[in-house]
Each structure stands twice: as structure tokens, then as C-alpha cells.
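The values are calculated or read from the model by the stated rules, or taken from the named source; none is laboratory data. Quick caveat: nothing in here was measured; it's all calculated off a predicted structure. Backbone-built Cβ (ideal geometry, glycine too); neighbour counts: all protein chains shown. Protein only, heavy atoms only, side chains kept; ligands, DNA and RNA dropped before computing areas. Shrake-Rupley method; radii C 1.70, N 1.55, O 1.52, S 1.80 Å.
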Amino acid sequence: MRRSGHLPMPKLAYQDKKFMESLGARPLRIIAEYLDPLARLRKEKVADTIVMFGSARILSRKRALDHLQEIQQSSRGRRNGEWREKISAARADLGMSRYYEEARELSKRITQWAMTLGTDPKRFVICSGGGPGIMEAANRGAAEAGGSSIGLSIQLPHEQRPNPYISPELNFCFHYFFMRKLWFAQMAKALIVFPGGFGTMDELWEMLTLMQTEKLSSHHLILIYGRKYWDKVLNWKHMVRSGTINAREYKLLEFADTVDEAFDRVREDMEESHLVVDED
């Protein structure tokens, strides 16, 4: 039986939200998480990056000090075991806040130097995971230098919002961890690893494995910041002694304990490996 009139025009496939969020459209979502950053980074003339990792839980010195003072005031007259633990934890946060301030200063100095190289293209742009803690410090230092910086946020079960210091035009959010990792690695010329937990170690092992297997150029600097922290977490030399890595692989690791030391090493490596020097 023929119906009178016309059927409504169906949605285009890419305008169909139900389809785009379906299992069948997963390849399209993955491609989108490659093509969108690619287009936006090209538009902003970003040539390459320096990635800074570290714990999302490390506070700025001001926030850590304010928190300690608040705990101390609240605990007056109640110095039982629970409050002693809270005070001890707040003091530990204050001690770790040095890494926030040092990441902030290092990012600022790298950005100030990188900006002297011109803006077309932009070289050695600071890139972070987009969240709080060391990530915030990295973006904050770049903003204080007057430069651009990138934030690669990830959707998580618990709420995470991009920190306010990311350049708005370079603020990205990913659903797929492996696509986020690709963008950390693809444009990076250096990885600076501040004290952190599982996520920080995950990214460190990822980069080291890519370099070990020559899937990433050997001209990538991996600089581990805060040897006192990392040597307590990982016994690097035991891996060599046990034969699980060799001496050449151990040399992929470089360490720094001060902003001056880290900045000098980053600048030296970038100038030696990634800048064309005009000898005329």
C-alpha cells in the first residue's frame, strides 16, 4: 500500500548521537581523537613539545601551608592518634610542595627560552596531562612566562577538570588512554618526570619501552627529577645487576635535583639534538 506524502529525512550517520556512541562507531571515535588534536596543533603552529609529568596530588606551597595551619588549628585540644596522623600527612604535603614550585619555575624558564626561538612555529611547548598537581604547575609556569601550553586531559570515573592555566585553544580531552599516550609521545622531544604515583610511572615506562625498542628516536631526553624520591621508590641499579636491563638501557635515564640543573640539561639537549645551527 502506497503512502501519501514523504518520509522525514533521516539523520546523517555522523549526526546520529546514538550511532556515534555505539560499539560500531568506535573506530570513528578513535580517529577523531587523532585528527582533532592534529588539526588544532597545526593551527596553533606547535612544532614539538616538552612533556612534564608528576603526581596530581602534590599541592602548591601556599595551599599546602594553608592546609597544615587549618589542621593544626582544628586539632587543638584533640591531639589523639587520628589528629597526629592528619598533622603528619599535612606536613608531608608541605614537604612535597617543593616539587610543585620547582616544576612551575622550570616550566617558566623553558618557556621563556623557547619563546626566543620564535613563534612560527612554536618550539618546545610545555605539555601536561591537564589536571592538578604537577600538571597544573607545568601549565602555570608556562602561562606566567606568557607562552602557550598544552593540556591532555582524560575522562575518568571521578571528576577531573582541566586546570585553569592551559591555553584554551590547546585544551584537549580524551576518552581513550592509548590515544592520549600517542599525543604525549608523538611530538615530545623531552619528558621530565617529577615525583608521582601509578600514572606517572605508567607514562615513564611507556616512553622508556618505546626508546628501548627503538620505536621512539633515541634523541629524546628522559629526565627524572628528584632522585631522592625516585631512588626510594625504584632501585634502578638492581635492575642492571639482575640483568633485566643492560648498562646501555640504564643510560637512557638522566637525573636532576634542581631547577638550574634540569633547565641546563634540557636546553643543552634541545640545542644539540633538535635545533639547526646556522654556522655562517
Inset, instruction - Find the centroid of the Cα atoms in the stretch 202-280 and in the stretch 55-75, then give the distance between the two in whole Å. - result: 32 Å
Legend entry - 14 Å beta-carbon shell around residue 175, net charge (K/R +1, D/E -1): +1
Inset, instruction - Using only the alpha carbons of the chain, determine the length spanned along each of the three principal axes and report them from longest to shortest in whole angstroms. - result: 84, 69, 45
Inset, instruction - List the relative contact order of the stretch 136-280 as a percent without decimals, with contacts defined as Cα pairs under 8 Å and 6+ residues apart. - result: 17 percent
Inset, instruction - State, as an integer percentage, the relative contact order of the chain based on alpha-carbon contacts under 8 Å between residues 6 or more apart. - result: 19 percent
Legend entry - the stretch 179-280: GluC sites (Glu not before Pro) in DSSP loop, at most 11 other beta carbons within 10 Å: 214, 279
Legend entry - J(HN,Hα) series, the stretch 117-125, from Karplus relation 6.51 cos²θ - 1.76 cosθ + 1.60, nearest Hz, glycine and proline x: 8, x, 10, 9, x, 8, 9, 6, 6
Inset, instruction - Could you state how much accessible area residue 237 has, in square angstrom rounded to the nearest 10, with a 1.4 Å probe and all protein chains kept in place? - result: 110 Å²
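Specify whether the C-alpha gyration tensor of the stretch 186-280 places it in the rounded, prolate or oblate class, a ≥ b ≥ c being the square roots of the eigenvalues: rounded for a/c under 1.5, otherwise prolate if a/b is larger than b/c and oblate if not.
prolate
Sort 61, 180, 267, 123 from largest to smallest accessible area, using a 1.4 Å probe on the heavy atoms of the protein chains.
Ranked list, largest accessible area first: 61, 267, 123, 180.
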Legend entry - Dipole magnitude (debye, nearest 20) for the stretch 85-171, charges at Cβ of Lys, Arg, Asp, Glu: 140 debye
Legend entry - Sequence of 220, 67, 6, 175 from largest to smallest accessible area, 1.4 Å probe: 6, 175, 67, 220
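Keeping every protein chain present and rolling a 1.4 Å probe, give me the accessible area per residue for the chain in Å².
59 Å²
In what order, largest first, do 127, 173 sit by accessible area if the probe radius is 1.4 Å?
Ranked from most to least accessible, the order is 173, 127.
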Legend entry - For residue 120, net neighbour charge (Lys/Arg +1, Asp/Glu -1) across residues whose Cβ lies under 11 Å away: +2
Inset, instruction - Take the alpha carbon gyration tensor of the stretch 1-123, find the square roots of its eigenvalues, order them as a ≥ b ≥ c, and report rounded if a/c is under 1.5; if not, report prolate when a/b exceeds b/c, else oblate. - result: oblate
Inset, instruction - Identify, among 115, 83, 51, the residue whose Cα sits farthest towards the positive end of the charge dipole of the stretch 2-131, taking +1 on the Cβ of Lys and Arg and -1 on the Cβ of Asp and Glu, with the dipole about the Cα centre. - result: 83
Legend entry - Sum of side-chain charges, residue 211 neighbourhood, beta-carbon under 15 Å (Lys, Arg +1; Asp, Glu -1): -1
